[in-house]
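Undergrad: Have a look at this one.
The values are calculated or read from the model by the stated rules, or taken from the named source; none is laboratory data. Keep in mind it's a predicted model, so treat the numbers as computed, not measured. Heads up, the Cβs are rebuilt from the backbone with ideal geometry, glycines too, and the neighbour counts pull from every protein chain shown. Only protein heavy atoms, including side chains, enter the accessible area calculation; ligands, DNA and RNA are left aside. Shrake-Rupley method; radii C 1.70, N 1.55, O 1.52, S 1.80 Å.
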Amino acid sequence: MIERPARRNSGVISIPVDGFRAAVAIEATDAAGGEFFATAPPELREQVPTTPAATRFVLTFSTGETRTVFGSGLIGRRPLPQPGEVFDHLVQIADRSLSVSKTHVEFGEHDGTLWIADRFSGNGTIVRRLDDGAMRCEPGRRYLVPRGSRVELAEQFFIVS
């Protein structure tokens, strides 16, 4: 008989995304921070469920910037959705060393916890959880990022609270 060590929860989640599309369009930008805000078009406003207490996360970046986010989004030097993709936030990081990719990670929320997925970045993404050590993210897979964790985007990072 072969004994295998007990597997710990990797924090990786799989959520089917076939046919998933957020029902909001990006319309305006904040000139100061470069962050985009989304609102639903008039014909979809009644169809979009509104949650008064949407889970919000504060991302504190190594650059000194802080962003409060909810829903879904992209983070990078100059994040850009692919055709047909729609996000609540496009968060731009100032990175003079160019170590962060233009569109480095995607994020979202699952059961009140933030998740991130590396978008095939050039320098990779590492999640450092308080209780679990460091984990290099495999591109395209979603990883849960509990509050207090640090996400390293090449030479930059952010802390989730």
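Undergrad: Mind telling me which of the residues LEU98, LEU74 ends up being open to solvent by less than 40 Å² (accessible area, probe 1.4 Å) and not basic (Lys, Arg)? I'd like the intermediate steps shown before the answer.
TA: Values: LEU98 fails: open to solvent by less than 40 Å² (accessible area, probe 1.4 Å).
Sole residue among the options that is open to solvent by less than 40 Å² (accessible area, probe 1.4 Å) and not basic (Lys, Arg): LEU74.
Undergrad: Does region 122-133 hold any residues that are touching a residue at least 40 places away in the same chain (Cβ under 8 Å) and not basic (Lys, Arg), and which are they? First the steps, then the outcome.
TA: Just the residues of region 122-133 that are touching a residue at least 40 places away in the same chain (Cβ under 8 Å), to begin with: 127, 129, 132.
Selection gives VAL127, ASP132.
Undergrad: Let me ask another. Out of the residues in region 147-161 that are at pLDDT 95 or above and in a loop (DSSP other than H, G, I, E, B), state the one that is farthest from the chain's Cα centre (by Cα).
TA: Out of the qualifying residues, it is GLY148.
Undergrad: Can you name every residue in region 134-161 that is free of Cβ contacts under 8 Å to residues at least 40 places away in the same chain, among the small types (Gly, Ala, Ser) and open to solvent by less than 50 Å² (accessible area, probe 1.4 Å)?
TA: GLY148, SER149 - these are the residues of region 134-161 that are free of Cβ contacts under 8 Å to residues at least 40 places away in the same chain, among the small types (Gly, Ala, Ser) and open to solvent by less than 50 Å² (accessible area, probe 1.4 Å).
Undergrad: Sort out which residues of region 108-133 are closer than 23 Å to LEU98 by Cα, open to solvent by 40 Å² or more (accessible area, probe 1.4 Å) and hydrophobic (A, V, I, L, M, F, W, C), and write them in order of number. Explain how you work it out, then say what you get.
TA: To start, the set of residues in region 108-133 that are closer than 23 Å to LEU98 by Cα comprises 116-128.
Restricting the remaining residues to those that are open to solvent by 40 Å² or more (accessible area, probe 1.4 Å) gives 119-120, 122-123, 128.
Matches in region 108-133: PHE120 only.
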